[in-house]
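Asker: Dropping the structure in here first, questions after.
Bear in mind these aren't lab numbers, they're just calculated from the coordinates by the rules spelled out. Quantities reported herein were computed from a predicted structural model and do not represent experimental measurements. Glycine also receives a Cβ, built like all others from the backbone with ideal geometry; neighbour counts cover every protein chain displayed.
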Amino acid sequence: MSKQLHLLIVVALLVGLVGAFAQPAAAQEPVKELTILWAEWDPATYLAELVKDYEKEAGVKVTVKQEPWSSFLDVVSKEWAAKGTAFDMVIGDSQWLGQGASQGHYVNLTDFLTETGLKDTVTAATLTYYAEYPTGSGQYWAFPTEGDANGMAYRKDLFEDPEEQREFKNRYGWDLQWPETWEQLDQISQFFHRPDKGLLGCTDLRNQYWGFSNWFQRYTSFDNPAQFYWDDNM
């Protein structure tokens, strides 16, 4: 990710990802410090590094507070209920959009995201499910810091090897390339699965949590609305 995009994300957050609790009069004063609350995990630690670039550009001191996942929602809920000032912004869960927007905790970012073109920097689905409330309203109350997209890397030395390409084409009838369908991914995985030679065809996330999530995607339609490929009786 480029430094320019880093700054873009941070600026989007600082301008108004989530509603601040300051009084209207205070909002007119120059901002000197900002506090962002997020859950305790690696992306929050990375954000703490990114905001250093923003500090140099804007002259605003930014502190990223991290709260353990087990208490994250409780801390945010109590602060909202008290209309406190412990933090200026929170990078919350997408499930909080309804509460944050309807109860006045989130700032309406529709005009900002539209005028700056930020809403066009993410996919339409990402904006719909991580920023829009109510669904279909075209009103945006947040900007996604990450969209839960899994990245996959491919062995360039294997994919560009003439012998591998020839053997793959003979076996499956199509040119070896990165997959566009689950069937193609299965065929590529099968082709390169050579455990006796220390080579596994696919090593996607397979722990108890992410393994379930990744495998379930194969049985989910990503149409709008999303749905499973089976009915409730199966």
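Asker: Using a 10 Å cut-off around each Cβ, can you sort Thr181, Thr45, Thr110 from fewest to most neighbouring Cβ atoms?
Answerer: The fewest-first ordering by Cβ neighbours comes to Thr181, Thr45, Thr110.
Asker: Same structure, new question: Along the Cα-to-Cβ line of Glu146, 7 Å from the Cα, sits a label point; which residues in region 99-127 have backbone N less than 18 Å from it?
Answerer: Flagged as within label range: 122-123, 126-127.
Asker: Considering amide H positions built from the backbone, and no H for Pro or chain starts, which residues 5 or more places from Leu34, or on another chain, come under 5 Å of its amide H?
Answerer: HN-HN under 5 Å from Leu34: Lys61, Val62, Thr63.
Asker: Here is a further query. Modelling each spin label as a point 7 Å along the Cα-to-Cβ direction, I'd like the Gln208/Ala58 distance in nm, to one decimal.
Answerer: Modelled inter-label distance: 4.1 nm.
Asker: Sticking with this structure for a sec: How do His193, His105 rank when sorted from fewest to most other Cβ atoms within 10 Å of their own Cβ?
Answerer: Working: His193 13, His105 22.
Final ranking by Cβ density, sparse to dense: His193, His105.
Asker: Let me ask another. Which FRET efficiency value, to the nearest 0.05, do you get for Phe112 and Ser71 by plugging their Cβ-Cβ distance into 1/(1 + (r/R0)^6) with R0 = 30 Å? Mind dumping the intermediate values first?
Answerer: Values: r = 31 Å, r/R0 = 1.03.
The computed FRET efficiency comes out at 0.45.
Asker: Moving on to the next point. Going by C-beta contacts inside 10 Å, put Met152, Met89 in order with the fewest on the left.
Answerer: Ranked by crowding around the Cβ, least crowded first: Met152, Met89.
Asker: Taking K and R as +1 and D and E as -1, what net charge do the other residues with C-beta under 15 Å from the C-beta of Arg194 add up to?
Answerer: With Lys, Arg at +1 and Asp, Glu at -1, the net is -3.
Asker: Please list, in chain and number order, the residues 5+ apart from Glu67 or on another chain whose amide H is under 5 Å from its amide H, with Hs placed from the backbone.
Answerer: Close amide H contacts, sequence-distant or interchain: Trp38, Ala39, Glu40.
Asker: Please sort 171-180, 208-217 by packing, taking for each peptide the average over its residues of neighbouring beta carbons within 10 angstrom, highest first.
Answerer: Peptide ranking by packing, descending: 171-180, 208-217.
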